[in-house]
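What follows is a single structure, written as C-alpha cells, with notes after it.
The values are calculated or read from the model by the stated rules, or taken from the named source; none is laboratory data. Computed from a predicted model, the values in this text were never measured in an experiment. Cβ coordinates were reconstructed from backbone atoms using ideal geometry, including for glycine residues, and neighbour counts include every protein chain displayed.
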C-alpha cells in the first residue's frame, strides 16, 4: 500500500494472576475503485503491560491476490512494538516474517519460498508498525496515540515491515457528521501525510469514534482505497 502507493463486548478475568481483557472480534470491508476487494478480521487482547493484536486479511489488487493468513503484533502498554509475526501469500509466493524490536533495532527473519534471510533496520522505540498493504486494522494503534485535543501537526514514525521507517504527520480536523448507507455518526476526522523516500507524500484520511476505533479510512490515488468497519456500510456514492 504505502511505499507502492496503496500503498464491546469486553471479557475480563484473571489469567496467571494477571488481568486479561479481550475485545470481541471485529473486521473491515475493503473497496478499491468503488468495487469490493477484500476483508479483514481482528481482535485485541490486553494483559498487564502487554497488548496483542491478531488478525487476518485478504485484498485483491487488479490481478494480484494478497492473503494475510495470520498477523500478530505485540506492544507494551504504551503501544511501543515488541514483536511481530506475519504469514502471507502474495500471488503464488508464500512468505513469513518474524520481527523483534529492541535497542532501537528491528530484527527481521524473512522466509520466502523456504529460504530464510535476515535484515536489521534502525527504528524508533515508539514506531508504529504496518505492512505495505493489508491489514489496515493496525492503524487503530495510531488512533490510541493521537491527541484529539491538538489541532497542530503531530509527528510519528511508521515502520513498514520489514522495509523502512518513514515519518508520518497527523492533523486532527475535528468532529464531523459522516453518512453511511445504513447510518450516520459523529466521528473524529484525521488527515495523515506519509513521506516517501523519493520525496513524494502519500495522503490518507481516517475517521475515528470516541472509543478510538477506526471506522473509515480513505487512501486517494489511481487505486482509490476505502476501508469501512463492519456495521458501517459504504454509501452508494462517495
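Please enumerate the residues belonging to region 22-44 that are outside any strand (DSSP E or B) and either touching a helix residue (DSSP H, G or I) at 6+ places or on another chain (Cβ under 9 Å) or surrounded by 15 or more Cβ atoms within 10 Å (Cβ to Cβ) (or both).
Taking region 22-44 first, the residues outside any strand (DSSP E or B) are 33-34.
Hits for region 22-44: nothing passes.
So which residues in region 160-180 are more than 15 Å from the chain's Cα centre (by Cα), closer than 23 Å to residue 84 by Cα and outside any strand (DSSP E or B)?
Matches in region 160-180: 163 only.
Among the residues of region 67-80, write down those that are surrounded by fewer than 21 Cβ atoms within 10 Å (Cβ to Cβ) and either out of contact with any helix residue (DSSP H, G or I) (no Cβ under 8 Å at 6 or more places or on another chain) or more than 18 Å from residue 139 (Cβ to Cβ) (or both).
Of everything in region 67-80, those that are surrounded by fewer than 21 Cβ atoms within 10 Å (Cβ to Cβ) and either out of contact with any helix residue (DSSP H, G or I) (no Cβ under 8 Å at 6 or more places or on another chain) or more than 18 Å from residue 139 (Cβ to Cβ) (or both) turn out to be 67, 69, 70, 72, 74, 76, 77, 78, 80.
Check whether at least one residue in region 142-163 is modelled with pLDDT of 95 or more and out of contact with any strand residue (DSSP E or B) (no Cβ under 9 Å at 6 or more places or on another chain), and report yes or no.
No: zero hits.
Would you pick out the residues in region 116-138 that are under 20 Å from residue 67 (Cβ atoms) and not in a loop (DSSP other than H, G, I, E, B)? It would help to see each step written out before you state the result.
Kept after step one, since they are under 20 Å from residue 67 (Cβ atoms), are these residues of region 116-138: 129-138.
Matches in region 116-138: 129, 130, 136, 137, 138.
Identify all residues within region 212-238 that are outside any strand (DSSP E or B), more than 20 Å from residue 182 (Cα to Cα) and out of contact with any helix residue (DSSP H, G or I) (no Cβ under 8 Å at 6 or more places or on another chain); write none if there are none.
So in region 212-238, the residues outside any strand (DSSP E or B) come out as 212-213, 220-224, 230-238.
The next check asks that each one be more than 20 Å from residue 182 (Cα to Cα); those that pass are 212, 220-224.
220, 221, 222, 223, 224, listed by residue number.
Given the residues 178, 160, which is the only one that is under 29 Å from residue 60 (Cα atoms) and surrounded by 19 or more Cβ atoms within 10 Å (Cβ to Cβ)?
Within the list 178, 160, the selection yields 160.
With respect to residue 91, is the statement that it is over 16 Å from the mean Cα position of the chain (by Cα) and at positive phi true? Explain how you work it out, then say what you get.
Numbers: over 16 Å from the mean Cα position of the chain (by Cα): yes; at positive phi: yes.
Spelling it out, residue 91 is indeed over 16 Å from the mean Cα position of the chain (by Cα) and at positive phi.
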